[in-house]
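Chemist: Have a look at this one.
Bear in mind these aren't lab numbers, they're just calculated from the coordinates by the rules spelled out. These numbers come from a predicted model, not from an experiment. Every residue, glycine among them, receives a Cβ derived from its backbone with ideal geometry; neighbour counts consider all protein chains shown.
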Amino acid sequence: MLVGWTDKVGKKRFNKCKNCERDRAEKNYKNNPIPQMLSNSKIRAKEKRVPHTITTSDLKKIWPKDNRCPVLKSPFDMGLKFGRNKSLAPSLDKIIPKKGYVPGNIVIVSDIVNRVKSDATLDDMKKILDYYTKLQNK
């Protein structure tokens, strides 16, 4: 078990060198992104004032067994490189945004899928698809 320390701005650190800390975080994320996803979802839930009752166990249950985005069918990019294109990184999505992060209302998809969906309704997404399909077919 690593023993951490708190820096001047209150952040938990395990290495004195920023590069070493970044390397440690990247390795941990690549091996198991679930703790980071859970932590980030708690922060977003608080900011958006939506319920958050999910646990690590809930995320493990919904993690795609083939490590692929269930929408795009492409493998997740498990790298956490700073400044990289994270479009294929796994992302925790609320199916119905207002319900929050609760069991039965979450899926893990590629970040690009989550961003495209954002807070859109199914009807909104259908209209977008129809519009761009018509443009492409002209």
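Chemist: Among LYS48, LYS98, which is the only one that is surrounded by 14 or more Cβ atoms within 10 Å (Cβ to Cβ) and free of Cβ contacts under 8 Å to residues at least 60 places away in the same chain?
Modeler: Details: LYS98 fails: surrounded by 14 or more Cβ atoms within 10 Å (Cβ to Cβ).
Answer to the check: LYS48.
Chemist: Do the conditions hold for LEU72, that is, is it in contact with a strand residue (DSSP E or B) (Cβ under 7 Å, 6 or more places away or on another chain), assigned to a loop (DSSP other than H, G, I, E, B) and not charged (D, E, K, R)?
Modeler: On the way: in contact with a strand residue (DSSP E or B) (Cβ under 7 Å, 6 or more places away or on another chain): yes; assigned to a loop (DSSP other than H, G, I, E, B): yes; not charged (D, E, K, R): yes.
Yes, satisfied.
Chemist: Okay, moving on. When the range 43-94 is examined, which residues are found to be among the hydroxyl-bearing types (Ser, Thr, Tyr) and farther than 29 Å from GLU21 by Cβ? Break it down into steps so the answer makes sense when it comes.
Modeler: Taking the range 43-94 as the starting set, the residues that turn out to be among the hydroxyl-bearing types (Ser, Thr, Tyr) are 53, 55-57, 74, 87, 91.
Within the range 43-94, THR53, SER74 qualify.
Chemist: Is it the case that the range 56-69 has a residue that's in a helix (DSSP H, G or I), in contact with a Pro (Cβ under 6 Å, 6 or more places away or on another chain) and surrounded by 12 or more Cβ atoms within 10 Å (Cβ to Cβ)? Outline the logic, then answer.
Modeler: First, pick out the residues of the range 56-69 that are in a helix (DSSP H, G or I): 56-62.
Now restrict to residues that are in contact with a Pro (Cβ under 6 Å, 6 or more places away or on another chain): 58.
Cutting the leftovers down to surrounded by 12 or more Cβ atoms within 10 Å (Cβ to Cβ) gives us 58.
Yes; the residues of the range 56-69 include at least one that is in a helix (DSSP H, G or I), in contact with a Pro (Cβ under 6 Å, 6 or more places away or on another chain) and surrounded by 12 or more Cβ atoms within 10 Å (Cβ to Cβ).
Chemist: Let me ask something else. Please list, ordered by first then second residue, the pairs with beta carbon atoms under 7 Å, 6 or more apart or interchain, first in the range 113-137 and among the β-branched types (Val, Ile, Thr), second surrounded by 10 or more Cβ atoms within 10 Å (Cβ to Cβ).
Modeler: If the second residue must be surrounded by 10 or more Cβ atoms within 10 Å (Cβ to Cβ), the pairs left are VAL113/CYS69; VAL113/VAL71; VAL113/LEU72.
Chemist: I'd like the full set of residues that are surrounded by 17 or more Cβ atoms within 10 Å (Cβ to Cβ) and aliphatic (A, V, I, L, M), limited to the range 108-120. Talk me through it step by step, then tell me what you get.
Modeler: Of all residues in the range 108-120, those surrounded by 17 or more Cβ atoms within 10 Å (Cβ to Cβ) come to 108-114, 117.
Answer for the range 108-120, where residues must be surrounded by 17 or more Cβ atoms within 10 Å (Cβ to Cβ) and aliphatic (A, V, I, L, M): ILE108, VAL109, ILE112, VAL113.
Chemist: Okay, moving on. Only one of (1) in contact (Cβ under 8 Å) with a residue 24 or more places away in the chain; (2) surrounded by 15 or more Cβ atoms within 10 Å (Cβ to Cβ); (3) in a helix (DSSP H, G or I) is not met by LYS30, so which one is it?
Modeler: LYS30 satisfies all of (1) in contact (Cβ under 8 Å) with a residue 24 or more places away in the chain; (2) surrounded by 15 or more Cβ atoms within 10 Å (Cβ to Cβ); (3) in a helix (DSSP H, G or I) except (2).
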